[in-house]
Every structure is written in structure tokens, then in C-alpha cells.
Amino acid sequence: MNDEWNDEELKASVQAYVEMQRDERLGQPFIKKHYYKRLAEVFGRSEKAYEYRMQNISYVLALMGRSWVTGLKPARNIDGAVAAQIEKFLWEAQSQKAIPVVAFKIAVRDELKQKTPAIPNGNAKPKSRRVTVTQFRCNAPVTAWVLQQAEGTCECCEKAAPFKNVDGLPHLELHYMRQLADGGQDVISNAVALCPNCHREIHHGASAHALVAWLYDNVGRLIPE
Ligand SMILES: [Zn+2]
Ligand SMILES: [Zn+2]
């Protein structure tokens, strides 16, 4: 079989991943191997190849700042174009639209590998394009309540907000434990106030899962969804 993954196979892999993620959230036991076996039967690759692909999907999700399945540690050995396709299928699987970010992040990652990079010319007139995205409307009282009870201290690292915003208030950011894009509720039992560092880390960090577990253990009002 050809080594290239066609769209049909990538889409089926993303679909299997999304199903595993759903099972994990619902606390339903699932066997990853069964998914790989089913894909192997349809597309003729080894089960191991699908396992690795699933880890690639975790990597794409991590780049997107989304949560990924426990036990499918992100594997970054993936081509930018394939990653961009996976990103597209992930949003399609949820019937949502978002600004693509993955191809750019991988391009930066690959540039960073150059030992002696040439000084780039850049672009005096960056190109733009119009895109349609899915936006969730947040409830202002929920955000305000969570920020207020944090009293200027990050609920994750428990340090004071690093700076004041233009309103003269400590700058903390609202984060939904189960993201709204993943079907999370806009309620105080699903939201925390984080400093910008912790907020970035919980979306993109290698230890994101540990931070999530810590928050559920230490912030009394949180209820896993
Ligand atoms: Zn923090
Ligand atoms: Zn967030």
C-alpha cells in the first residue's frame, strides 16, 4: 500500500479519535486497540501505524490548545500539510469552524531547527483573508463572578496576577475546564481564573493534564463535565 494517507483514511482516524475522547469524557471504558484493529481492517495499515497516528492527532490538538486523550501522548513527527488536514477534520467532526493555526505553528517549529538561520526579509504588507469562525457567547456574570472570587490570585499557581489591566484590575483570564468547543458549560463549576502563564500552559503545555487534575482536586467548586 502507498505510504501516503489519503483524506478518507485521515478522516476515519480522526473520527475514531473523537469517539475515544467522547468515551473518556463520559467515563466509559474503551479499548484503543479495538479502534486500531478496525481501521487496520479497512485501510490495511498496521495497528501500530494507527496508534502513532492517534498520537499525532493528540499533537495537533495540543497545538490547537485543545485537550487530548490520556494515554495518547502527543507525537510530533508529522508533516505540516497532513497536520493541517487533521485540524480541519477535527473541527468538521464537531460541526464548528475556527481559524487554522497548526500549519503555521509547524512551519515555525521547523524553522527553529535551523542552526544558522538567515535574517528573514519578512513582509511589509502582510496578506489578509476573511474567515468564518464559530464563536461561543460567554455569560458576563459567570466570568465576572469567577474573576472576582479569585481576588487577583491565579487559581492554578496561586500567585498574584502579574500586572494590572487598563481598568486597574489584576489581569487574570477565564478558562473553561471543559472547553466550550468540546461541549463544556458556561457555569462557575466549569471555569477558573488563571494568570496568563498558567492559561497558556493549560492549553499548550506538556504538563497540561497534570494542571487539570490539580485544579479539579484543589478548586472546590469545580465539577468535571
Ligand atoms: Zn498561574
Ligand atoms: Zn482557556
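The values are calculated or read from the model by the stated rules, or taken from the named source; none is laboratory data. What you see is a predicted model; the values in this text were computed from it and never measured. Every residue, glycine among them, receives a Cβ derived from its backbone with ideal geometry; neighbour counts consider all protein chains shown. Each accessible area value is taken on the protein alone, full model and side chains, heavy atoms only, with ligands, DNA and RNA left out. Shrake-Rupley method; radii C 1.70, N 1.55, O 1.52, S 1.80 Å.
Could you tell me whether any residue of segment 62-73 is at pLDDT 95 or above and open to solvent by 50 Å² or more (accessible area, probe 1.4 Å)? No, because not a single residue in segment 62-73 is at pLDDT 95 or above and open to solvent by 50 Å² or more (accessible area, probe 1.4 Å). I'd like to know if segment 156-174 contains one or more residues that are open to solvent by 80 Å² or more (accessible area, probe 1.4 Å) and in contact with a His (Cβ under 6 Å, 6 or more places away or on another chain). Yes, segment 156-174 contains a residue that is open to solvent by 80 Å² or more (accessible area, probe 1.4 Å) and in contact with a His (Cβ under 6 Å, 6 or more places away or on another chain). Tell me, please, whether a residue that is assigned by TED's automatic domain parsing to the domain that holds Arg200, modelled with pLDDT of 95 or more and among the small types (Gly, Ala, Ser) can be found in segment 75-83. No, the conditions are met nowhere in segment 75-83. Taking the conditions (1) within 21 Å of Ala213 (Cβ to Cβ); (2) touching a strand residue (DSSP E or B) at 6+ places or on another chain (Cβ under 6 Å); (3) in contact (Cβ under 8 Å) with a residue 24 or more places away in the chain in turn, Tyr176 satisfies each one other than (3). Checking each residue in segment 44-74 for being touching a Pro at 6+ places or on another chain (Cβ under 7 Å) and more than 11 Å from His209 (Cβ to Cβ) picks out Gln55, Tyr59. For the residues Glu41, Glu87, Glu8, Glu47, the requirement of being surrounded by 18 or more Cβ atoms within 10 Å (Cβ to Cβ) and either in the same structural domain as Asp182 (by TED's automatic domain parsing) or out of contact with any Ser or Thr (no Cβ under 9 Å at 6 or more places or on another chain) (or both) singles out Glu87. Only residues that are under 18 Å from Tyr216 (Cα atoms) and surrounded by fewer than 19 Cβ atoms within 10 Å (Cβ to Cβ) were counted in segment 145-155, giving 2.
All conditions in (1) under 19 Å from the mean Cα position of the chain (by Cα); (2) not basic (Lys, Arg); (3) not assigned by TED's automatic domain parsing to the domain that holds Ala213 hold for Pro117, with the sole exception of (1).
Within segment 159-180, is even one residue within 16 Å of ligand 1 (Cβ to nearest atom), among the small types (Gly, Ala, Ser) and not assigned by TED's automatic domain parsing to the domain that holds Ser67? Yes, segment 159-180 contains a residue that is within 16 Å of ligand 1 (Cβ to nearest atom), among the small types (Gly, Ala, Ser) and not assigned by TED's automatic domain parsing to the domain that holds Ser67. Going through (1) out of contact with any Pro (no Cβ under 6 Å at 6 or more places or on another chain); (2) in contact (Cβ under 8 Å) with a residue 12 or more places away in the chain; (3) more than 11 Å from ligand 1 (Cβ to nearest atom); (4) open to solvent by less than 50 Å² (accessible area, probe 1.4 Å) one by one, His204 falls short only on (4). Scanning segment 179-188 for residues that are out of contact with any strand residue (DSSP E or B) (no Cβ under 6 Å at 6 or more places or on another chain) and either surrounded by 14 or more Cβ atoms within 10 Å (Cβ to Cβ) or aromatic (Phe, Trp, Tyr) (or both) turns up Gln179, Leu180, Ala181, Asp182, Gln185, Asp186, Val187, Ile188.
Kindly indicate whether His199 is within 12 Å of ligand 1 (Cβ to nearest atom) and under 14 Å from the mean Cα position of the chain (by Cα). Criteria met by His199. Return a yes/no flag: does segment 208-215 have any residue that is on the phi < 0 side of the Ramachandran plot, at pLDDT below 95 and not assigned by TED's automatic domain parsing to the domain that holds Glu24. Yes, because at least one residue in segment 208-215 is on the phi < 0 side of the Ramachandran plot, at pLDDT below 95 and not assigned by TED's automatic domain parsing to the domain that holds Glu24.
Residues checked against (1) away from ligand 1 (no atom under 16 Å from the Cβ); (2) under 26 Å from Glu24 (Cβ atoms); (3) of a type in the set (A, V, I, L, M, F, W, C):
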residue	(1), (2), (3)
Gln96	yes, yes, no
Val108	yes, no, yes
Ala118	yes, no, yes
Ser128	yes, no, no
Val131	yes, no, yes
Cys156	no, yes, yes
Cys195	no, no, yes
